[in-house]
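Data block below; observations after.
The values are calculated or read from the model by the stated rules, or taken from the named source; none is laboratory data. Please read all numbers here as calculations on a predicted model, not as lab measurements. No Cβ is skipped: glycine too gets one built from the backbone with ideal geometry, and neighbour counts run over all protein chains shown. We work out accessible area using only protein heavy atoms, side chains counted, and drop any ligands, DNA or RNA first. Shrake-Rupley method; radii C 1.70, N 1.55, O 1.52, S 1.80 Å.
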Amino acid sequence: FVAYLSILLPFGAAVFYVHLFGVNVFFADEWSFVPLVQKLDSDTLTLWDLFAHENEHIRFFPWVVMLLLGTLTRYDTIPLMYLVQICLLATSIVLFFAFRRDLKHQPVLSTFLFVPIPFLVFSLRHFENMLWGYQISFAFSQTFAVLALYLIYAAQNKDSGKLISLLSLFVLALVGATVASFSAIQGLLVWPVGILQLLIAPAKTTPE
């Protein structure tokens, strides 16, 4: 209950923060999204438009979500801010499962060690990410990267006899890494980190 409360309290505070201070206006780099809206409206949008570089980023998945959500909300930017909070919530939940799995023999200790984590995830020091809908690309990159690394970790600690289950976890990890990579350039880091995670797995799973 304490761990769940430590997740819900900062999440609720962050949602309320967006409710108080979120403003429906396109800002800065967000204007680079307008040509995609125009192309969608004129039925000239192509797949290659969604894979186009914006600075160093390829924002395929965030742009798809922004276009789909935009058609429902008339391109109101505030729902994207709430979606950022949902991504942070998902990150907190995945981290909680990682704590529980790693310290499963010490549930009380794992709970109290975890309590500060959601408060760091929802820290208002990154208020710009919370109040700028376009930052959904960085939220996607973070959340799906954390999910991919957790799935690799879960697969390493699963019964090796359940091959289908193991393959499913690795496939889902690949999907998560792909979404992270095509959301923001930071997401590319999940690949070398994931490979390193796989390389050191034998040292972790070798019996004492």
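A few notes on this one:
Each row is one residue, and each column tells you yes or no for (1) under 15 Å from PHE138 (Cβ atoms); (2) open to solvent by 80 Å² or more (accessible area, probe 1.4 Å); (3) free of Cβ contacts under 8 Å to residues at least 60 places away in the same chain; (4) out of contact with any Lys or Arg (no Cβ under 7 Å at 6 or more places or on another chain).
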position	(1), (2), (3), (4)
TRP31	no, yes, yes, yes
VAL34	no, no, yes, yes
SER42	no, no, yes, yes
TRP48	no, yes, yes, yes
HIS53	no, yes, yes, yes
MET66	yes, no, no, yes
LEU72	no, yes, yes, yes
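- Selection within the range 5-27 - in contact (Cβ under 8 Å) with a residue 60 or more places away in the chain and part of a helix (DSSP H, G or I): SER6, ILE7, LEU9, PRO10, PHE11, ALA13, ALA14, VAL15, TYR17, VAL18, PHE21
- First in the range 162-176 and within 23 Å of THR143 (Cβ to Cβ), second anywhere and among the aromatic types (Phe, Trp, Tyr) and modelled with pLDDT of 90 or more, Cβ under 7 Å, 6 or more apart: GLY176/PHE144
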